[in-house]
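The values are calculated or read from the model by the stated rules, or taken from the named source; none is laboratory data. All figures in this text were calculated on a predicted structure; none of them were measured in a lab. Here Cβ is always computed from backbone atoms with ideal geometry, including for glycine, and neighbour counts include all displayed protein chains. Accessible surface is based on the protein model in full, side chains and every heavy atom, while ligands, DNA and RNA are left aside. Shrake-Rupley method; radii C 1.70, N 1.55, O 1.52, S 1.80 Å.
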Protein chains: 2
Amino acid sequence: MNLGFQDYISIKLHKTDLNLTNEIKSRLEPYNLAPEQNLIMMLLWEEDGLTQNQLAQKLNKDKTNVARMASNLEKKGFITRSLSIEDRRSLKLYLTEEGKQLGEKVIPIAEEFNDVVCNGITNEELMELERILNKMNKNVDQPK
Amino acid sequence: MNLGFQDYISIKLHKTDLNLTNEIKSRLEPYNLAPEQNLIMMLLWEEDGLTQNQLAQKLNKDKTNVARMASNLEKKGFITRSLSIEDRRSLKLYLTEEGKQLGEKVIPIAEEFNDVVCNGITNEELMELERILNKMNKNVDQPK
DNA sequence: CCTATATAGTTGCTACACCAACTTTTTCCA
DNA sequence: TGGAAAAAGTTGGTGTAGCAACTATATAGG
């Protein structure tokens with residue numbers, strides 16, 4: 001076969017991902033929010049009071065990462081963590097007033113970023129892209 | 001607009017990238033090679049004697065990462081680093097015998113991985129995917 | 001019931017990823 | 001030609017990312 005470095009689709013994907021991550025990182029910097037911390041906040045803005053475990057599943061991440069990111073968000077004052085009453089093993093994350101207000105500034109930034117990324121790309125292309133990404137995910141079978 | 005968490009294309013891309021990275025990571029583990037270290041090796045297997053700076057450009061990465069990865073590869077015995085004669089600021093990386101032999105085992109792994117990722121995906125789809133990724137890269141304008 | 005197992009979270013470890021600040025050469029031009 | 005600016009690497013700092021091993025709680029079966 002003999003593929004060259006440029007021929008690996010995973011490498012191209014990886015580069016694009018890094019590119020996008022860098023861009024959103026710089027856009028969020030003024031708000032003292034790192035990209036992955038923002039993902040947690042986005043989920044909390046949609047539904048307050050999620051546990052770390054629920055977040056880990058939605059984000060598809062190792063629970064250790066979520067724990068550390070949540071800890072950082074708590075230090076920054078955007079959320080509080082309290083033991084769940086139903087299950088005292090788990091921590092529920094709640095937005096602080098500051099965290100709620102942050103959403104009003106940051107959500108528009110995220111939507112604007114999405115617009116920029118999708119500029120000149122049709123809906124059909126986006127759906128095609130999703131379809132292909134899903135195929136790849138299934139192919140490597142890390143079950144989400 | 002009010003996008004939900006699931007609607008951001010960059011998030012989907014990111015998840016797929018992490019998925020693929022995890023898979024190749026576990027495949028390379030038996031060879032004592034981390035995914036990004038492997039990218040450096042792939043470039044050296046194509047062309048021995050590249051400088052760290054050249055690698056950083058090809059990989060689209062910060063020079064600090066390349067420096068540390070190269071240092072790790074040196075510790076593992078896969079490469080040596082020597083000052084360039086033409087420009088004594090730069091370090092050239094050369095494969096050791098062990099590094100060369102590693103390629104004969106790892107390149108097939110990488111190609112097999114690529115096959116798995118692309119399973120059930122047509123060439124047209126791959127080209128479409130690349131086209132869209134390129135658009136996104138241009139849109140965020142990190143000039144590659 | 002009460003131990004075996006599972007689950008939520010934390011800590012320690014390695015590997016990216018980028019920035020800022022620094023050293024050492026090189027280059028450029030006034 | 002000599003000093004400013006640029007370029008290649010390194011170091012230190014923060015923020016992911018996943019694994020292994022650990023604590024604490026919850027659940028299930030004998």
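Ignoring any ligand, DNA or RNA, what whole percent of the accessible area of chain B comes from carbon and sulfur when the probe is 1.4 angstrom?
48
Three principal axis extents, largest first, for the C-alpha atoms of chain B, in Å?
So the three principal-axis extents are 56, 32, 27 Å.
Could I get the Rg over Rh figure for the stretch B:28-72? Both from C-alpha atoms, Rh via Kirkwood, rounded to two places. All intermediate terms of the calculation are to be shown ahead of the outcome.
On the way: Rg = 10.0 Å, Rh = 10.6 Å.
Looking at the stretch B:28-72, the ratio lands at 0.95.
Which ³J(HN,Hα) values, rounded to whole Hz and listed in residue order, are derived for the stretch B:35-45 from phi using the Karplus coefficients 6.51, -1.76 and 1.60 in 6.51 cos²θ - 1.76 cosθ + 1.60 with θ = phi - 60°, glycine and proline given as x?
x, 6, 4, 5, 4, 4, 4, 4, 5, 6, 5
Taking the label point 7 Å from Cα in the Cβ direction, how far apart in nm is B:Arg68 from each other copy of itself, listed shortest first?
Once sorted, the set of distances for B:Arg68 reads 1.1 nm.
List the extent of the Cα atoms of the stretch A:65-122 along each of their three principal axes, largest first, rounded to whole Å.
The principal-axis extents, from largest down, are 49, 22, 20 Å.
Could you tell me the center-to-center distance, by alpha carbons, between the stretch B:97-133 and the stretch B:26-72 in angstrom?
Taking the Cα centre of each part, the stretch B:97-133 and the stretch B:26-72 sit 16 Å apart.
Output the pairs from A:Lys12/B:Lys76; B:Lys25/B:Lys75; A:Lys63/A:Lys92; B:Lys15/B:Lys138; A:Lys138/B:Lys25 with a Cα-Cα distance over 24 Å in this structure; if there are none, say none.
Listed pairs above 24 Å: A:Lys12/B:Lys76.
Any idea of the total accessible area buried by the A-B contact, 1.4 Å probe, rounded to 100 Å²?
Buried area (both sides, nearest 100 Å²): 5600 Å².
Please report Rg over Rh for the protein assembly as shown, where both radii come from the alpha carbon positions and Rh follows the Kirkwood definition.
Taking Rh as the inverse mean 1/r over Cα pairs, Rg/Rh reads 1.00.
For chain B, what is the calculated [θ] at 222 nm in deg cm²/dmol (nearest 500), taking -39500 (n - 2.57) for each run of four or more DSSP H residues and dividing by its residue count?
It lands at -21500 deg cm²/dmol.
Between B:Thr51 and residues 5 or more places away or on another chain, which pairs have amide H atoms under 5 Å apart, with H built 1.01 Å from N, and which residues are they?
Result for B:Thr51 returns B:Leu93.
How much area per residue is accessible in the protein assembly as shown when the probe is 1.4 Å and only protein heavy atoms are counted (Å²)?
53
List the GluC sites (Glu not before Pro) within the stretch B:45-109 that DSSP assigns to loop and that have no more than 16 neighbouring Cβ atoms inside 10 Å.
Of the GluC sites (Glu not before Pro), the ones in loops of the stretch B:45-109 whose Cβ has at most 16 other Cβ atoms within 10 Å are B:Glu47, B:Glu86.
Quick one: which bits of the stretch B:103-129 get at least 30 Å² less accessible when the partner protein chains are in, versus the chain alone, with a 1.4 Å probe?
B:Glu111, B:Asn114, B:Val116, B:Val117, B:Ile121, B:Glu125, B:Glu128, B:Leu129
Short version: ³J(HN,Hα) in whole Hz for each residue of the stretch A:73-78, in order, from phi by Karplus 6.51 cos²θ - 1.76 cosθ + 1.60 (θ = phi - 60°), x for Gly and Pro, what are they?
Working through the residues one at a time gives 5, 5, 4, 6, x, 8 Hz.
So who's got an amide H within less than 5 Å of the one on A:Ile79, skipping anything under 5 residues away but keeping other chains? H placed 1.01 Å off N, in plane.
Residues meeting the amide H criterion: A:Glu74, A:Thr96.
Place the label 7 angstrom along Cα→C-beta at B:Ser84 and in each other copy, then list the distances from the first to the rest in nm, shortest first.
5.6
Compare each residue of the stretch A:10-30 in its chain alone against the assembly with all protein chains, and report those whose accessible area goes down by 50 Å² or more; 1.4 Å probe, heavy atoms.
Checking the loss per residue gives A:Ser10, A:Leu13, A:His14, A:Lys15, A:Thr16, A:Asp17, A:Asn19, A:Leu20.
Do any trypsin sites (Lys or Arg not before Pro) in the stretch B:56-127 lie in a DSSP loop with no more than 16 other beta carbon atoms within 10 Å, and if so, which? Don't skip to the end; give the middle numbers.
On the way: sites: B:Lys58, B:Lys61, B:Lys63, B:Arg68, B:Lys75, B:Lys76, B:Arg81, B:Arg88, B:Arg89, B:Lys92, B:Lys100, B:Lys105; in loops: B:Lys61, B:Arg88, B:Arg89.
Those satisfying the criteria are B:Arg88, B:Arg89.
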